[in-house]
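Every number here is computed from the coordinates shown, using simple stated rules; none is lab data. Everything quoted here is computed from the prediction, not taken from an experiment. With ideal geometry, Cβ positions are generated from the backbone for all residues, glycine too; neighbour counts draw on all protein chains shown.
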Amino acid sequence: MSVKSAERVLQIFELLSREPDGLTVKEISESLLFPQSSTSNLVATLSAQGYLRLDPSKRYKLGAKLIHIGTMAMENLDISLVAKPYLEKLMQNVQETVFMATLSEEELVYVLKIDSKRSIRTTAQTGFRKPLYCTGLGKTFLANMSEKDRSRILDQIQLVPITPKTITNREELEKELYQYSLIGYTIDDEENEEGLYCVAAPIFGADRKIHAAISVAGPKERMLAQQGEVVERVLWTSRKISEGIGCIS
């Protein structure tokens, strides 16, 4: 059973999170269709407790107490726990191996691997590190980070050919990364391991920055035969995990 006053408090928080300049009591009550008297009592109580603050122009904004609560929530949130059931479902749907990785300095680190019954031969294992420029997961990080961070990383690494299809020209790589940033997913077409084709997508946090990346990998012929479905399911999965760690679209 829901409690009306609690629901209204949450609606006020969500409304003010979208209004950085704040709102008056009247604007809050009109936006949420609440009675102005009860709205006034709610925001006064929240303000007294530090959850809202009143600026000199009589507009209410989110208070400092929420920063601590939000920080603790983020620290207690394990992205792997949120992601695993979605990644298991993704593997079951496409019947190919699924990975998740995070960024560690100038390399990616595999944090989850969900094997399919149709095993693939790959050097990628949980805890292993790989270069960013020649993997689908790595290119996902490069395509979705700030231009400053991307330039800094590319300045520090050598684009060494791992396979005959590895992109070793920086200008060509940057053009490809730009295209990937527009379509929302990346591809590794035998660039890190011959015969292996990979589709990857980003996981965004509440700060709308990339926190992790997920991928489906398999033999190129099998992957191309179902590429449309794989892309669609990878993008859906990445959105659901992002929502699960606080990214509001």
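The test for being in a strand (DSSP E or B) and either buried (at least 16 other Cβ atoms within 10 Å of the Cβ) or not small (Gly, Ala, Ser) (or both) holds for Arg53.
When the range 215-249 is examined, which residues are found to be crowded, with 24+ Cβ neighbours inside 10 Å, within 17 Å of Ile120 (Cα to Cα) and hydrophobic (A, V, I, L, M, F, W, C)? Result: Val216, Ala217, Val230.
Taking the conditions (1) in contact (Cβ under 8 Å) with a residue 24 or more places away in the chain; (2) under 15 Å from the mean Cα position of the chain (by Cα) in turn, Asp207 satisfies each one other than (1). Please verify whether the range 194-201 includes one or more residues that are buried (at least 21 other Cβ atoms within 10 Å of the Cβ) and either of a type in the set (Val, Ile, Thr) or without any contact (Cβ under 8 Å) to a residue 60 or more places away in the chain (or both). Yes - at least one qualifying residue is present in the range 194-201.
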